[in-house]
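Working notes for the structure below.
The values are calculated or read from the model by the stated rules, or taken from the named source; none is laboratory data. Since this is a predicted model, take the numbers as computed values, not measurements. Cβ: placed from backbone, ideal geometry, glycine included. Neighbour counts: every protein chain shown. Calculation scope for accessible area: heavy atoms of the full protein, side chains included, ligands and nucleic acids excluded. Shrake-Rupley method; radii C 1.70, N 1.55, O 1.52, S 1.80 Å.
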Amino acid sequence: MGKDVIIACDFASREQTLAFLDRFEGEKPFVKIGMELFYAEGPGMVREIRKRGHRIFLDLKLHDIPNTVKKAMSVLRDLDVDITNLHAAGTIAMMEAAVEGLTRPDGTRPLLIAVTQLTSTDQAAMERDLWIDRPLDQVVLHYAKNARQAGLDGVVCSPLEAGRVHEVCGADFLTVTPGVRFADAAADDQKRVMTPAEARRIGSDYIVVGRPITQAEDPVAAWERCRREFVD
């Protein structure tokens, strides 16, 4: 899998989602299905988008005791998605259990990545709300190393940390980075952001882009601009 733009399909219904994807007229962008759409429409929505030929990042951010996560992953493995994820904060044991649950009897599995720190979290919030006093970039790198030790394929991090993650975990360890905005767009609720071109230069493997594409007057043009800046 090479560099690509993943569109965050954060819609509340099947109808909204398919109407959005229909605008691409034969193109099959890589899409992210998050909690809003999955909770609204369930696994059937994943299967329908897959049947249309899209690659899928199933973004449910599992975080529970190891046995529960293992069982949940054993259900998700049969949805035929390309990438799914969990929270690195759930410990190495939880991540190892997730890999075990996600692996099919034939040894194959979707790529599994771990969320380090959400891109809506900054240093002040991490210290105030989470009681984590280490510098944010050090926390991200520590979580990334834990994910690698547990056998995961990469992490979700901000583009600000992608280059350092590759330095400590290797070039083959995926960095999937939300918090990407065009230079002329608002940051919304994201705290740690970059443009697509900056994310490319710093080493992100995949960028996840939601509102700058889904709420654009011309979503297809916005997606194409994003791919030009990040991929081409």
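Residues checked against (1) free of Cβ contacts under 8 Å to residues at least 60 places away in the same chain; (2) open to solvent by less than 20 Å² (accessible area, probe 1.4 Å); (3) among the basic types (Lys, Arg):
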site: 112; (1), (2), (3): yes, yes, no
site: 144; (1), (2), (3): yes, yes, no
site: 174; (1), (2), (3): no, no, no
site: 181; (1), (2), (3): yes, yes, yes
**OP:** Mind listing whichever residues of the range 146-172 are within 12 Å of residue 204 (Cβ to Cβ) and open to solvent by less than 50 Å² (accessible area, probe 1.4 Å)?
**Re:** 154, 155, 156, 157, 158, 159, 161, 162, 163, 165, 166
Original post:
Of all residues in the range 200-220, how many are open to solvent by less than 40 Å² (accessible area, probe 1.4 Å) and either out of contact with any Ser or Thr (no Cβ under 6 Å at 6 or more places or on another chain) or polar (S, T, N, Q) (or both)?
Top reply: 12
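Does residue 97 count as crowded, with 22+ Cβ neighbours inside 10 Å and under 27 Å from residue 210 (Cα atoms)?
For residue 97, the condition - crowded, with 22+ Cβ neighbours inside 10 Å and under 27 Å from residue 210 (Cα atoms) - is not met.
Of the residues 49, 92, only one is within 27 Å of residue 142 (Cα to Cα), β-branched (Val, Ile, Thr) and surrounded by 15 or more Cβ atoms within 10 Å (Cβ to Cβ); which?
That would be 92, the only listed residue that is within 27 Å of residue 142 (Cα to Cα), β-branched (Val, Ile, Thr) and surrounded by 15 or more Cβ atoms within 10 Å (Cβ to Cβ).
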**OP:** Out of 28, 61, 3, report the one residue that is modelled with pLDDT under 95 and among the basic types (Lys, Arg).
**Re:** 3
Original post:
Can you name the number of the only condition in (1) modelled with pLDDT of 95 or more; (2) open to solvent by less than 40 Å² (accessible area, probe 1.4 Å); (3) among the polar types (S, T, N, Q); (4) closer than 19 Å to residue 209 by Cβ that residue 13 fails?
Top reply: (4)
